[in-house]
1. Here's a check for you: in the stretch 427-458, which residue that is within 19 Å of Ser511 (Cα to Cα) and of a type in the set (D, E, K, R) is farthest from the chain's Cα centre (by Cα)?
2. Checking the condition β-branched (Val, Ile, Thr) and modelled with pLDDT of 95 or more, which residue from Val539, Val586, Val578 passes?
3. Among the residues of the stretch 429-448, what is the count of those that are farther than 26 Å from Lys597 by Cα and surrounded by fewer than 22 Cβ atoms within 10 Å (Cβ to Cβ)?
4. Would you point out the residue of the stretch 674-722, among those that are under 23 Å from Gln613 (Cα atoms) and among the small types (Gly, Ala, Ser), that is modelled with the lowest pLDDT?
5. Suppose we filter the stretch 155-177 for residues that are farther than 17 Å from Asp77 by Cα and buried (at least 17 other Cβ atoms within 10 Å of the Cβ); how many remain?
6. Residues that are farther than 19 Å from Arg196 by Cβ: find the helices (runs of 4 or more DSSP H) completely inside the stretch 48-147 holding 1 or more of those.
7. For the stretch 667-675, does any single residue satisfy the condition of being surrounded by fewer than 19 Cβ atoms within 10 Å (Cβ to Cβ), out of contact with any Asp or Glu (no Cβ under 6 Å at 6 or more places or on another chain) and under 20 Å from Leu409 (Cβ atoms)?
8. Collect the residues in the stretch 89-139 that are among the polar types (S, T, N, Q) and surrounded by fewer than 19 Cβ atoms within 10 Å (Cβ to Cβ), keeping them in residue-number order.
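The values are calculated or read from the model by the stated rules, or taken from the named source; none is laboratory data. Keep in mind it's a predicted model, so treat the numbers as computed, not measured. Cβ placement follows ideal geometry from the backbone for every residue including glycine, while neighbour counts extend to all protein chains displayed.
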Amino acid sequence: MESGSPFERPLGYVVLCRAENGGTNPAVYSPFTTEQLDEVANKDMTVPHGISRAAAAALPGLWYTLHLPSTLSDLIDTPARILKAAQQLKLDHHILLLPIDVFDARYVDGFFRGLHRTLVVCPDDLLEEARQRSKTMDFALPAMGYASLGDESLTAHWQAIHRHFVPDSEPLGNALTLTRRLDLAPVLLPHRRLARQMGWADDLAEPSLDNGADGLALRAVHGQILLATIARLESEQTSREVAEQRFESTLDEEARSLRFPLTLALPGVAVAYSRTAYSSELRSHSSPLSSEVEPNVWSVALHERSDSAVEDAAIEFAATHHAVATNGLGLMMPPVPRDAFVALAELERHFIGNENPASVRSLMARLDAAASSVWSEDVVELIKRASQLTVFSNFPLGLLTLPGDTSPLTARLPLTYRPLTPLIRTLQHETNTPSSVNLNGRVRVLIAECIPTSDPVGRLSRQGWKVAKETAQAAGDALKIDEVETLTPDALRHAVTEYRPDFLIISAHGSFRGNVAGLVIGDKLCLELGLGLGDTPPVVMLSACHVAPRGAGAVSVTDLLLREGVLAVLGTQVPVRVDRNAMLMVRFLANVVEELKHPGHFATLLDVWHHVQAGNAVNDILGASRSLQNWALKDSGSSIPVLTDFMMNRSKGRLRRGRIYEDTERVLAEIADEMGMGSKVRNWFRRPGYVPESMFYLFVGRPERIHLGHVVSRVESFRLRP
């Protein structure tokens, strides 16, 4: 591709709505931190997820732009190997959701830096003003009102975009029509867009769904298998004749090994959240969430429907937008049952005291039973095929055990969350696509110690950071760690500004009281840290107790950091022991360094975190009692300690992710048998037992966008034009 080619720049769109309360103050509006949307009177807010009716008016436009090309490569025939490679790159639709009051160069110039200014879509009563402003700001196509949106306008827009930007390129054709069933769009639209590129005419049109969606997910999975098969044959540069001979055998191999990015949407809010956020009068007028996924049909007036239909359309859009960006698949799941949030809240509260392993197992089993209705054959099949999982939900799906597994889902595959309350934030966060971060072979870490030395926990945490800094010294230039005492919020902000880290580790006490889960910095409870959009590090790791609880619907510092512009935040659902937490953080940093120095194992920060989190099962087990800790340090008979023998030799290739605790116990018991201690060690596994503490950490945001040095090679292989 020639330098300066239009193919190097993605397409950008704007969807306009009216501002709440009669107007928006341009001085304070931003897609991350708009305050007006939080201050809307309750009567203008949907229940229970929370999107203002004014913002909901953007939904028809958001859905329409999602059916347009995201990049100019969508307009031309693209090889299957590039379509498969795109699953690692996250090629989002760039859509600016904006009140018309602030639709001016001040905001548009920043968002559209590096993008083609393509099209503005808006409600009809805003059309005249939108056309004037978009013309002044040099958008390629005239603004379009909702009344004109449909299949004909969609075809016309694809053709107009092609004529305007790449008139000399051969168009692909294969017109895309609007997806009518929005509840099926997370799986249907990515598959239809793939079918358009691959020339699968039977799959391009939306199937007849009068009898439901039976077989739709399996059909989409088969499309992914075909894509992987053709991509592999293309990459191997086989001749057409040889490719035809090898097609069936390659198809069988890819069917067995297929993995693709998966997006799930799981609506629902905790009972306590609704009671806190909405008046009893407003709650009395709202309908309970259905126990099933309700059909939701496209309309230019979909924003005028009931609260539940509007919220479903917004959640379905977020999931579909993400699934399309990954060139993977998505699925809308039924709402989380009320009893599941109640069981989760009880589980999280149990940890506030001295957690009892037997009680934790019982409470986790109760949680699985309460949430069992979320699993369907399609969901289970797609998760088993997933390379990574993004969950739009307020509920920690990763704590549940997938049917057929014995360990929590978060041990099976890389998993990250996107919160759903307030729902307007979810839409803003999803459409305001950030750039990926490439660490380029080195990472700078700032440890902000917020616990004074007079506190025993503060002294223990400093011992852990001492080990981390020793790891950094051994890593050379790949890792630099600075440790600063920050006993006030101002000191924390000053340190972040001064050091500008890639990773910020905040070592602090967590505080979970009532409906608030924040950090104690010095002696002050903090929910919003005020790091500033220009200074926020891409990654924040909260080394603190219960800063991301989910059962009671608490407002958490973990989620609020996303509003400050942080790309990915690691938090804990429950209280954790400071020594175990320090060990986990050190292992995480050590694995990041190992990947930076010897690349090839992990592509993103999320991949590294999953490896560390799942692999920490052995430490959860052996750290449960003094007896197991002492045994782990004994000579296993191979002249090395039991733990070393397990990690370096015995466990390799024997730990199934969905059964990692079960398999870890089995391998450790084999070592114990050889030492003549099998019965004793197995008994220690049960009495006093252990808690899967590592499973109660979660990532929110976009850790999959933090690349560990391979992004350049992937981009090079993803050249859109030879």
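1. Only one residue fits best here, namely Asp455.
2. Val539
3. Residues in the stretch 429-448 being farther than 26 Å from Lys597 by Cα and surrounded by fewer than 22 Cβ atoms within 10 Å (Cβ to Cβ): 3 in total.
4. Here the answer is Gly709.
5. 1
6. The qualifying helices (runs of 4 or more DSSP H) are 53-56, 59-65, 105-111, 127-136.
7. So far as the stretch 667-675 goes, no, none of its residues is surrounded by fewer than 19 Cβ atoms within 10 Å (Cβ to Cβ), out of contact with any Asp or Glu (no Cβ under 6 Å at 6 or more places or on another chain) and under 20 Å from Leu409 (Cβ atoms).
8. Gln132, Thr136
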